[in-house]
Amino acid sequence: MKEVSVNGHLHLSNGNGTVAELDTHTNGSNGYAGHNGTSNGTTSNGCSSTKKQQTAKCTCNKSGSLENGSDTNNNQGHEKCTFHHDLELDHKPSTREDLLPLMSKSYRMLLSSLGEDTERQGLLKTPERAAKAMLFFTKGYDQSLEEALNGAVFDEDHDEMVVVKDIEMFSMCEHHLVPFYGKVSIGYLPCKKILGLSKLARIVEIFSRRLQVQERLTKQIAVAVTQAVQPAGVAVIIEGVHMCMVMRGVQKINSKTVTSTMLGVFRDDPKTREEFLTLCNNK
């Protein structure tokens, strides 16, 4: 909400041209009329006060403006108008494709900083290609668990362990912006609900296609499976190769990082955990 002045009275704007008049009382307490016209404050005698909604008109007197503040799409010429250019209320997050021009410009500046000629043939379109590649590498930010599951949760009287192992994983190290990759193994013990097998791989994809550290990625996958089917327990193991240790730094090309998260019976029952680890290690 934002305070605006209409006909000498203070109102609260909701950013779409509809306002509610501020209710100011002589005892200093105040409230405002909500979307249904009912005040959120009370008078000094405890009774609720009610104000009629009013529609504020555009006051910038620019040609092309629509009456009653109904111009919600075309803000040209209304840069200083409360109802047509309210950054706080009318701002809509950019789509990821909208970020391409700025990202491309940033990559071009990076190449120039390295002393490269960004106009030479080999680099002419590299900034745009690199920007698109980074959006793909981090596409998990645009995906949700609900979309990935797509209703593929089924009632089933099955209470034995389900394991899907060696799911390929690619991610980006958030410390150096270089890749790490490896394999994920997931096990869960159902409680009358099972998950479509491909959905486990999709869950891995959602959280790996982000800027990550392997430890957090492991936990996020386990928590997501728990949210999806509320099993008796979930176990996740990731074995990864980190290019920040291979291409730079200590440059140990054969090193691998193994992380695990055990929830529910996999944490509490050693035999259940041992069964999972045995199934994962079987070739």
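Restricting the search to the range 255-276, which residues are part of a helix (DSSP H, G or I) and hydrophobic (A, V, I, L, M, F, W, C)? Once the filter is applied, which keeps residues that are part of a helix (DSSP H, G or I) and hydrophobic (A, V, I, L, M, F, W, C), the range 255-276 yields VAL265, PHE266, PHE276. For the range 144-151, the count of residues that are polar (S, T, N, Q), modelled with pLDDT of 95 or more and either farther than 30 Å from PRO101 by Cβ or not assigned by the TED database to the domain that holds MET262 (or both) is zero.
Does ALA228 satisfy the condition of being open to solvent by less than 20 Å² (accessible area, probe 1.4 Å), among the small types (Gly, Ala, Ser) and on the phi < 0 side of the Ramachandran plot? For ALA228, the condition - open to solvent by less than 20 Å² (accessible area, probe 1.4 Å), among the small types (Gly, Ala, Ser) and on the phi < 0 side of the Ramachandran plot - is met. Within the range 243-254, being surrounded by 12 or more Cβ atoms within 10 Å (Cβ to Cβ) and either assigned to a loop (DSSP other than H, G, I, E, B) or not assigned by the TED database to the domain that holds LEU211 (or both) holds for one residue alone: MET247. Taking first residues from the range 238-267 that are without any contact (Cβ under 8 Å) to a residue 60 or more places away in the chain and partners that are assigned to a loop (DSSP other than H, G, I, E, B) and open to solvent by less than 70 Å² (accessible area, probe 1.4 Å), the Cβ contacts under 7 Å between residues at least 6 apart in sequence or on separate chains come to MET245/SER255. Considering the range 162-209, the residues that are of a type outside the set (Lys, Arg) and assigned to a loop (DSSP other than H, G, I, E, B) include one that is most open to solvent (accessible area, probe 1.4 Å), namely HIS175. Within the range 244-283, the set of residues being among the basic types (Lys, Arg) and modelled with pLDDT of 90 or more comprises ARG248, LYS252, LYS256, ARG267, LYS271, ARG273.
The values are calculated or read from the model by the stated rules, or taken from the named source; none is laboratory data. Just so you know, these numbers come straight off a predicted model, no measurement behind them. As a convention, Cβ positions derive from the backbone with ideal geometry for all residues, glycine included, and neighbour counts pool all protein chains shown. In case anyone asks, the SASA skips ligands and DNA or RNA and just uses the protein heavy atoms, side chains included. Shrake-Rupley method; radii C 1.70, N 1.55, O 1.52, S 1.80 Å.
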